[in-house]
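S.K.: Dropping a structure here in structure tokens format, bear with me for questions.
A short reminder: the numbers here are calculations on the coordinates, not readings from a lab. What you see is a predicted model, and the numbers here were worked out from it, not measured in a lab. Don't worry about glycine lacking a Cβ; one is built from the backbone with ideal geometry, like all the others, and counts go over all protein chains shown.
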Amino acid sequence: MLVIGYLSTVASRLDQRGFLVRALHAQEPSSPTLWGSLTLDPRTPGSGWAPARLHWEQDSGWSATMLPEGGDQRTAVARYLPGHLVPAPVTVAHFVAALHTDADTVWACATFRPPRRVDRRWLILQLARFAMPEPW
């Protein structure tokens, strides 16, 4: 529920920026690793490269799969959001918007640089800020 709450908040921020999230996926409850992904609807034609999928993982933070116009998976490239493992949802939305404008934006890294490892309890506390309320 923690990851779903976080991804849902990110999806809401993306929607506010004009990016439609087609699908949200999170790890199975039995998974030892916290992760999730958002699949974005394609943007307007003529935009060149565009973020198509966002992936968040507890040990690496956010990455975006960039597809060229036409969506050929064989030529997909990855871009990484450096810094914090659980950045504010608005930061992730800025990251996606910057990628949409320029695949080589300074907001992103073309190579993965592992962030420092963090205590799982700290990570859960960060995600708890976005927890979904229990259904009635």
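S.K.: Report the gain in length on full extension from A110 to V77: 0.36 nm times residue separation, minus Cα-Cα distance, nm rounded to one decimal.
M.R.: My answer for the length gained is 11.1 nm.
S.K.: With contacts defined as alpha carbon pairs under 8 Å and 6 or more residues apart, what's the relative contact order of the stretch 2-128 in percent?
M.R.: Once normalised by length, the contact order is 22 percent.
S.K.: Just from the alpha-carbon atoms, what are the Rg and Dmax of the chain in angstroms?
M.R.: Expressed in Å, the Cα Rg and Dmax of the chain come to 14.7, 46.
S.K.: Which residue, T105, T33, T75, tops the fluctuation ranking in a GNM of the chain built on C-alpha contacts under 10 Å?
M.R.: Judging by the Gaussian network model, the answer is T75.
S.K.: Along the Cα→Cβ direction, 7 angstrom out, place labels at Q16 and E57. What is the inter-label distance in nm?
M.R.: 2.9 nm
S.K.: Another question, then. Pick out which of V21, V86, V106 has the largest mean-square fluctuation in a Gaussian network model of the chain, springs linking Cα atoms closer than 10 Å.
M.R.: V106
S.K.: Ignoring everything except DSSP H segments at least 4 long, calculate the 222 nm mean residue ellipticity for the chain; use -39,500 (n - 2.57) per segment, divide by total residues, nearest 500.
M.R.: After summing the helix terms and dividing by residue count, I get -8500 deg cm²/dmol.
S.K.: Report the local net charge at S60: Lys and Arg +1, Asp and Glu -1, summed over other residues whose C-beta lies under 11 Å from its C-beta.
M.R.: Around S60, the surrounding residues sum to 0.
S.K.: Ok, one more. Report the full-extension gain for the segment A128 to Q27: residue separation times 0.36 nm, less the Cα-Cα distance, to one decimal in nm.
M.R.: 34.8 nm
S.K.: Identify which of L81, L20, L54 has the largest mean-square fluctuation in a Gaussian network model of the chain, with springs joining Cα atoms closer than 10 Å.
M.R.: Fluctuation is largest for L20.
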